[in-house]
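Student: Quick one: the structure is below, and I'll ask about it shortly.
The values are calculated or read from the model by the stated rules, or taken from the named source; none is laboratory data. For clarity, every value in this text was computed on a predicted model and none was experimentally measured. Cβ placement follows ideal geometry from the backbone for every residue including glycine, while neighbour counts extend to all protein chains displayed.
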Amino acid sequence: MVDEEKIPLQLIKIRKMNPLVNKYLVDGCMRCKFGGTPNCKVNHWSKELEALRKIVIKSVLDEELKWGIPCYTLNNKNILMISAFKEYACISFFKGVLLKDKEKLLTAHGESSQSVRMIKFTNSKQIIQQSSIIKAYIEEAIEIENSGKKVEFKKNPEPIPEELIVEFNKDLKFKKAFHELTPGRQRGYIIYFSQPKNTQSKLNRIEKCRENILKGIGLNDR
């Protein structure tokens, strides 16, 4: 395997920087009305995203754009993402629950997240100060993928509400989009849809979330 540390950063960038990610850093993911405008949250966290990208790009991972967000892969397997939310920028590890997390930096993306774990940042100085730690977490995530370790998911521990099943039967495209979500995103929606006691309230919640589900967006994605 090529030792990335011995390759000048500029050459790494030329070889590995994906132009689609360059566009993301200007326009955002384009999944909401603020995409391509100064109000896009990506613009608010551009320095932090650039700092995270600079660290990740020096690893052996390939840079791609998935779900409108920078995603880094190894042999076509998703390892991590960098993204912006309303209150922070973050680096998210797909198998983060398997990381040792010696520095106790990882948090779950909502109570329904079974696998993904993230590190949140609110300024670029944090990233610079913790760059060696971030790099170590990335290397561990790569080792986990190479080892073949898998996360054991609980498959829909909560029953799917009848109202959602009815909507699936009425709209197969909607059903397909829901089942293409990650297990954690599916579970988040199931919990949310199941909370109201009456049928109409459940249906209202389903309808409210329909468009985001069709776009592959999770309940807690902001």
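Student: Given the condition buried (at least 18 other Cβ atoms within 10 Å of the Cβ) and of a type outside the set (A, V, I, L, M), answer yes or no: does some residue in region 145-157 qualify?
Tutor: yes
Student: Here is a follow-up. Looking at (1) part of a loop (DSSP other than H, G, I, E, B); (2) under 18 Å from W45 (Cα atoms); (3) of a type in the set (A, V, I, L, M, F, W, C), can you tell me which one L105 breaks?
Tutor: Every condition holds for L105 apart from (2).
Student: Quick one: count up the residues across region 163-180 that are under 22 Å from the mean Cα position of the chain (by Cα) and of a type in the set (D, E, K, R).
Tutor: Residues meeting the conditions: 3.
Student: When the residues of region 124-162 are filtered to those that are modelled with pLDDT under 95 and within 19 Å of the chain's Cα centre (by Cα), which remaining residue is nearest to Q195 (Cα to Cα)?
Tutor: F153
Student: Now for a separate question. Look through region 87-97, keep the residues that are buried (at least 19 other Cβ atoms within 10 Å of the Cβ) and not hydroxyl-bearing (S, T, Y), and return whichever of them is farthest from R117 (Cα to Cα).
Tutor: Among residues in region 87-97 that are buried (at least 19 other Cβ atoms within 10 Å of the Cβ) and not hydroxyl-bearing (S, T, Y), the one farthest from R117 (Cα to Cα) is A89.
Student: Quick check on this structure: which one of K202, K175, K135 is on the phi < 0 side of the Ramachandran plot, assigned by TED's automatic domain parsing to the domain that holds I82 and not in a loop (DSSP other than H, G, I, E, B)?
Tutor: Being on the phi < 0 side of the Ramachandran plot, assigned by TED's automatic domain parsing to the domain that holds I82 and not in a loop (DSSP other than H, G, I, E, B) holds for just one of K202, K175, K135, which is K135.
Yes or no, residue by residue, for (1) closer than 21 Å to L99 by Cα; (2) touching a strand residue (DSSP E or B) at 6+ places or on another chain (Cβ under 7 Å):
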position: S131; (1), (2): yes, no
position: A141; (1), (2): yes, yes
position: K150; (1), (2): yes, no
position: I160; (1), (2): no, no
position: L164; (1), (2): no, no
position: F178; (1), (2): no, no
position: N212; (1), (2): no, no
position: I217; (1), (2): no, no
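Student: Take the residues in region 114-125 that are surrounded by 15 or more Cβ atoms within 10 Å (Cβ to Cβ) and in contact (Cβ under 8 Å) with a residue 60 or more places away in the chain; name whichever of them is farthest from G96 (Cα to Cα). Break it down into steps so the answer makes sense when it comes.
Tutor: Residues of region 114-125 surrounded by 15 or more Cβ atoms within 10 Å (Cβ to Cβ): 114-121, 124.
Now narrow it down to the ones that are in contact (Cβ under 8 Å) with a residue 60 or more places away in the chain: 114-116, 121, 124.
Values: Q114: 9, S115: 6, V116: 5, F121: 17, S124: 22 Å.
Restricting to residues being surrounded by 15 or more Cβ atoms within 10 Å (Cβ to Cβ) and in contact (Cβ under 8 Å) with a residue 60 or more places away in the chain, the top hit is S124.
Student: Among the numbered conditions (1) in contact (Cβ under 8 Å) with a residue 12 or more places away in the chain; (2) of a type outside the set (S, T, N, Q); (3) more than 21 Å from S115 (Cβ to Cβ), tell me where K175 comes up short.
Tutor: (1)
Student: Restricting attention to region 31-64, report how many residues are farther than 17 Å from F94 by Cα and either in contact with a strand residue (DSSP E or B) (Cβ under 6 Å, 6 or more places away or on another chain) or in a helix (DSSP H, G or I) (or both).
Tutor: Qualifying residue count for the region: 13.
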